[in-house]
Structures are given as C-alpha cells and as structure tokens.
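Report on the structure given below.
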Amino acid sequence: MAKATVPIVDIRDVSKVFKLQDRSITALSGANLSITKGEFICLIGASGCGKSTLLRIMAGFDQPTSGEALMWGKPITGPDPGRGMVFQDYALFPWLSVRDNIGFGPAARRLSTAEVKATVDKFIDLVGLQKFATAYPHQLSGGMKQRVAIARVLANDAELVLMDEPFGALDAMTRERLQDELLEIWERTKLTVVFVTHSVEEAIFLAGRVVVMTPGPGRIESDNVLELARPRDVASPEFNDIRRVLGAKLHSHHSKVASAPSSAV
Amino acid sequence: MTSWRRLKPTALALIVPLLLLAFWQVATVNRWTLLIPTPYQVGEYMVDFAVGGIYDDAYSGTLLTHLLASMSRVYGGFALAASFALPIGLLIGRLPVARMLLDPFLQIMRPIPVTAWLPLSMILFGLGAKSAFALVCLGAFYPILLNTIFGVRAVDPKLFEAASMLGCRGNAQFYKVVLPAAVPSIFTGLRLGLGLAWFVIVVGEMTGVPQGLGAVIMDGRTLSRTELVICGMIVIGVAGYLSDRVVVALGNRLLRWSPNHHG
Ligand SMILES: Nc1ncnc2c1ncn2[C@@H]1O[C@H](COP(=O)(O)OP(=O)(O)OP(=O)(O)O)[C@@H](O)[C@H]1O
Ligand SMILES: [Mg+2]
C-alpha cells in the first residue's frame, strides 16, 4: 500500500479509563480519528473532555484502555522522536541554554557535534532566537520559551507535532504572533500538527479541520473540515459563520448533561 | 548616595556584633562577671595566638597549626560523608527497593546527635584523629543524604516525558535529566553538610587529639583559660563563614541557570 493512502495517525475506537482508588473515570470513550500527513487539526472542547488524554495517547505517553492508536499503520507503544509534544508549561530543561535545549534531541540521537550544531543553528534561525542562543530558560519570556519548545521538537525531525494549549498562557499579542509563525512553519515544512485549544477563534484561525469534543464521558462530537482560504481574517463574515456553528456544537452537550448525570462510572 | 547604598549592607551587618561587643566591654569592665576576660584581653591574646611575641606560652603562634589540623578534619570528614551520602542518596531516591531497605533505618539513626556517638566512636575508632574524622563525617552525612534524595525525587515528571519524546530513554535519562535536575538540591545539601562539619568539629576533637581548634577549646576549659576558649570560638566562626562564602561563590557560578540560586 502506498504511504499516501495510509493515514499518518489512525485512532480506532480508542477509550481511556483512569482507575482511582474508589472509582474510575472514563476520560475518552470510543474516539475515532484519522489524520492525513500534512493536516493541521485543532481539538477543541470544554475542560475535562479528554483532549489532553487523546493527545498523550498519540504521543505514546499513555496507552489506550481499549481500541488502538496507530502511526503509519503501526501501534504507538511509547514516545518517539517522530512525534513531538509541545507542552503548555514548556517543559524545557532549565539547566540547558536555548542552544542545548534545541540540541538535546539531536545529541540524544548521537549525531556528530558538527551535525548537532548545524541543526541547532537552523532551528534557532527558524524561530528567531539567535540573540538568545546562550540564555537559560528562566531568562526568557513565555513566548520565547514556547518558541524554544517548538524548535526543540522540529530539530528532532518530528513529522507529527502535538501541541497541548501551547499558547494558553501567553498574552494576546504574543499569541497572535506565534500563531502566524506556527502557520508559516507548518506551510513551509509540511508538518502534521494536532493542536489543542480552548479557543474557537484560535481553532478556526489555524486549522484545516476542527475536531469538537464533549465531556461526560469525553467523546468526539464532530469533525469539521474548514474550507476558508488562508490567510484568514478573523473579522470576515465567513469566519463568524463558522464561529457560530462550532460554538453551537461545542455547547450541544449541555442539554445532554442534564439527563446523563456524570462521567464517573 | 550611591556609596551609602553600597555600604548599607555592611553597616547593617555590623550593628549587632558591635552592640554585643559593647555589652561585653561594659559587663567585664564593671565586673559583672570575673570569669570572662575583656574584649581587649581577648584581642591581645588572639594576636599572641596568631603570631606569638606577647605571652610566649604553649599556645603562642600556634593558630595556623590548629586551624590546619581542624580544616583537614572538616574537609576530610566532609569529603568522606559526601562520598557515602551522594551514592546512597541517589540510590534511595531512584530505587524503591533501596528506599524500603534503608530509609526506616536512617530515619531512626538521624535524630541521634553527634555528641551521643562520642563514646562509641572512641571505642570503635580509638582516641585520636580517626574518631574525630568519623564524628565530623557523621555530622555532614545527613544533610547531604536528605537533600540528594529530595533532589532526585523532586524532578518534574514532564521532563522525563520531554526527554523520552526527544529520544533519550532508560538509563541515559539518569545522566541527562535526573542528575542535572538534582544539582541545586545536592548543592544545598553539600553546603549544609560543610556547615555542619564545622559545627561539630569541637565534639570531633573531644576525642583526645593533640591539635585542632576543638582541642584548643577543650584545653582552655580544663586550664580555665577563657580567653583561649573565646579565641578558638572566634576562629571557628570566621573559618566556617569564609568556607561557606567560597561554596556560595562556586554555587553562583555553577548554578547560573537556576532562578532560585543566587545566594
Ligand atoms: N492521570 C490521570 N489520572 C486520573 N484521571 C485523569 C488523569 N488524566 C486525566 N484524567 C481525567 O480524565 C478526564 C479528561 O482529562 P483531560 O486532561 O484529557 O481533559 P482536557 O480536555 O485536556 O481538559 P483541559 O481542557 O482542562 O485540559 C478528566 O476528568 C480528568 O480528571
Ligand atoms: Mg488538557
């Protein structure tokens, strides 16, 4: 089978149940999602609907309780440099400079010193942090830290980038700049991106496809392909039409929640 | 204005010692106590202790000898403690089996003060330098151990996930994540340990060693020469302080990356 017809990620009927001492929580129930290489997908949904859980399963940090998660048709059994996660709280190595954070993956892959240096230079340029190459993470602003986190994943040749509310902690202006930069990188590198956000607006601005999830228990409510031309104008009527439709889907569970008491089993 | 800002910390730091000195002066001059010499007498004796030429007794000009003897025990005992506490701390922090095996035992041993070990230590290691080493080592052991365990256990779990998704797994994570993440805590342990090594030096040198600041203080007590005792105390205080400043300066260089490590 040619690679093009195999999805880069295939989530088949995946459920995840967390067992606590006195009860268990169904974080994700029967999720199906097939992602084609090069897509930009946003996951949106209320808090607790299983977005992070789904992302962590794709990353290989967690295993599904039932169903299967495949990358290029093979089960995802653990974390892998091919799939990079960008965490909301950055998770940079505080003892390493910007350079060494970005070079961490290439060095772990045992590239030669010269290759590591070349890779680091390339990605420091890409995220515009040349002036901060020798700074430590605590000396950077949130936006700069998130640029390092993105560069760190890209420097590792990740073809799938998983981002869990990466811009959630940033101010509005920094967030908009990073959104633009991320789109530019995505268009240039043909990455596949799965991006979790709380913001409908952010999802519509970024995504080719918006997956709406609902809680109680966490499920995929709908899968929406966006045909809007890029660059997108958040003030356009088309943008607002989509915002209204997705907003309605996002809140559709409220009526159901009234009858279905809780996600706890 | 700017020079005052520069001098302010020093000026503030001097207030309490100077008040104490004044009180000491007043108390001794007015003979509130007859057993404590005046600050001037102690100062004079300190000069004699350091370079001789005033009283010319058995202790004249011997400061350096005693200081070096104590320093060798402090740093030797400290190094010995670190060489045990670091690996044991890493083991307990990383391996649940090691923790279950050693932690309860060490928790019971920890509250026993170094002073209480003095008689046993003299039986086990004999009178003299070996005992002093052992006691100083014991004093420095626990802070290094506990801070190492804490540092190793307190690593942000996200960093392990970040490392493994970047291709660094298994044992490599120990060197690339656990150790560097634990360095600030280990450093704090070493600093506290060295401080305690100075703190217990007198007890360590109660074991019948001929030289050392602790030995001088014990001699001063037996001979009722309080000025000798006070000189020994001052030298220990100053030496311990300088030793700590060196460690802090090292730490500031080594831990530039750490936001909460600028002592
Ligand atoms: N490790 C865990 N142990 C127990 N329960 C968990 C664990 N991780 C997630 N959960 C539970 O699973 C459910 C889904 O959590 P998840 O973090 O995936 O939601 P989310 O959509 O990312 O929410 P948010 O928008 O707040 O980040 C929640 O009820 C959460 O409490
Ligand atoms: Mg989440």
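The values are calculated or read from the model by the stated rules, or taken from the named source; none is laboratory data. Since this is a predicted model, take the numbers as computed values, not measurements. Here Cβ is always computed from backbone atoms with ideal geometry, including for glycine, and neighbour counts include all displayed protein chains. With ligands, DNA and RNA removed, areas are computed over all heavy atoms of the protein, side chains included. Shrake-Rupley method; radii C 1.70, N 1.55, O 1.52, S 1.80 Å.
Okay, here's what the table says:
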| quantity | calculated |
| --- | --- |
| Count of residues meeting criterion [closer than 15 Å to A:His251 by Cα and open to solvent by 10 Å² or more (accessible area, probe 1.4 Å)] in the stretch A:202-222 | 7 |
| Residues located in the stretch B:204-228, provided they are of a type outside the set (D, E, K, R), on the phi < 0 side of the Ramachandran plot and open to solvent by 30 Å² or more (accessible area, probe 1.4 Å) | B:Met206, B:Pro210, B:Gln211, B:Met218, B:Thr222, B:Leu223, B:Thr226 |
| Failed item, numbered, when A:Phe40 is tested on (1) of a type in the set (Phe, Trp, Tyr); (2) within 13 Å of ligand 2 (Cβ to nearest atom); (3) farther than 20 Å from B:Glu161 by Cα | (2) |
| Hits in the stretch B:146-170 - residues which are among the hydrophobic types (A, V, I, L, M, F, W, C), more than 8 Å from chain A (Cβ to nearest Cβ) and in contact with a Lys or Arg (Cβ under 9 Å, 6 or more places away or on another chain) | B:Leu146, B:Ile149, B:Val152 |
| Qualifying positions in the stretch A:125-174 - closer than 28 Å to A:Arg110 by Cβ, open to solvent by 60 Å² or more (accessible area, probe 1.4 Å) and either within 16 Å of ligand 1 (Cβ to nearest atom) or among the hydroxyl-bearing types (Ser, Thr, Tyr) (or both) | A:Thr134 |
| Complete set of residues in the stretch A:189-201 that are more than 16 Å from ligand 1 (Cβ to nearest atom) and open to solvent by 80 Å² or more (accessible area, probe 1.4 Å) | A:Lys190 |
| Hey, A:Thr65 open to solvent by 20 Å² or more (accessible area, probe 1.4 Å), within 16 Å of ligand 1 (Cβ to nearest atom) and in contact (Cβ under 8 Å) with a residue 60 or more places away in the chain or not | no |
| For A:Asp13: the one exception among (1) within 16 Å of ligand 1 (Cβ to nearest atom); (2) open to solvent by 40 Å² or more (accessible area, probe 1.4 Å); (3) touching a residue at least 24 places away in the same chain (Cβ under 8 Å); (4) not aromatic (Phe, Trp, Tyr) | (1) |
| Residue, least open to solvent (accessible area, probe 1.4 Å), within the stretch B:229-246, restricted to residues that are farther than 18 Å from B:Phe49 by Cβ and not basic (Lys, Arg) | B:Ser243 |
| Selection count where residues are in contact (Cβ under 8 Å) with a residue 40 or more places away in the chain and more than 13 Å from ligand 2 (Cβ to nearest atom), scope the stretch A:17-35 | 11 |
| Pairs, first within 14 Å of B:Val202 (Cβ to Cβ) in the stretch B:59-77, second β-branched (Val, Ile, Thr) and assigned to a helix (DSSP H, G or I), C-beta under 7 Å, six or more apart | B:His66/B:Val216; B:Leu67/B:Val235; B:Ser70/B:Ile201; B:Arg73/B:Val136; B:Arg73/B:Ile201; B:Val74/B:Val136; B:Val74/B:Ile201; B:Gly77/B:Val136 |
| Among (1) open to solvent by 40 Å² or more (accessible area, probe 1.4 Å); (2) within 14 Å of chain A (Cβ to nearest Cβ), the one test that B:Leu196 misses | (2) |
| Qualifying residue in the stretch A:52-60 (condition: away from ligand 1 (no atom under 12 Å from the Cβ), open to solvent by 50 Å² or more (accessible area, probe 1.4 Å) and in contact with a Ser or Thr (Cβ under 8 Å, 6 or more places away or on another chain)) | no |
| Set A:Asp80, A:Asp89: member being within 16 Å of ligand 1 (Cβ to nearest atom), within 14 Å of chain B (Cβ to nearest Cβ), open to solvent by 10 Å² or more (accessible area, probe 1.4 Å) and within 18 Å of the chain's Cα centre (by Cα) | A:Asp89 |
| Single residue of the stretch B:31-74 satisfying the filter (open to solvent by 80 Å² or more (accessible area, probe 1.4 Å) and within 25 Å of the chain's Cα centre (by Cα)) that is nearest to B:Gly240 (Cα to Cα) | B:Leu68 |
| Any hit, the stretch A:28-50, residues being over 17 Å from the mean Cα position of the chain (by Cα), surrounded by fewer than 18 Cβ atoms within 10 Å (Cβ to Cβ), modelled with pLDDT under 95 and not acidic (Asp, Glu) | yes |
| Residue within the stretch A:33-40 that is touching a strand residue (DSSP E or B) at 6+ places or on another chain (Cβ under 9 Å), closer than 19 Å to A:Met213 by Cβ and within 16 Å of ligand 1 (Cβ to nearest atom) present | yes |
| Any hit, the stretch B:250-258, residues being under 18 Å from B:Tyr75 (Cα atoms) and modelled with pLDDT under 95 | yes |
| Residue count, the stretch A:97-135 (criterion: more than 25 Å from the chain's Cα centre (by Cα) and within 10 Å of another protein chain (Cβ to nearest Cβ)) | 2 |
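Conditions (1) away from chain A (no Cβ under 14 Å); (2) closer than 27 Å to B:Leu127 by Cβ, marked per residue:
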residue	(1), (2)
B:Thr188	yes, no
B:Val202	yes, yes
B:Met218	yes, yes
B:Ser224	yes, yes
B:Leu254	no, no
B:Trp257	no, no
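Yes or no, residue by residue, for (1) part of a helix (DSSP H, G or I); (2) exposed (fewer than 13 other Cβ atoms within 10 Å of the Cβ):
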position	(1), (2)
B:Gly89	yes, no
B:Gly93	yes, no
B:Gln107	yes, yes
B:Ile112	no, yes
B:Pro119	yes, yes
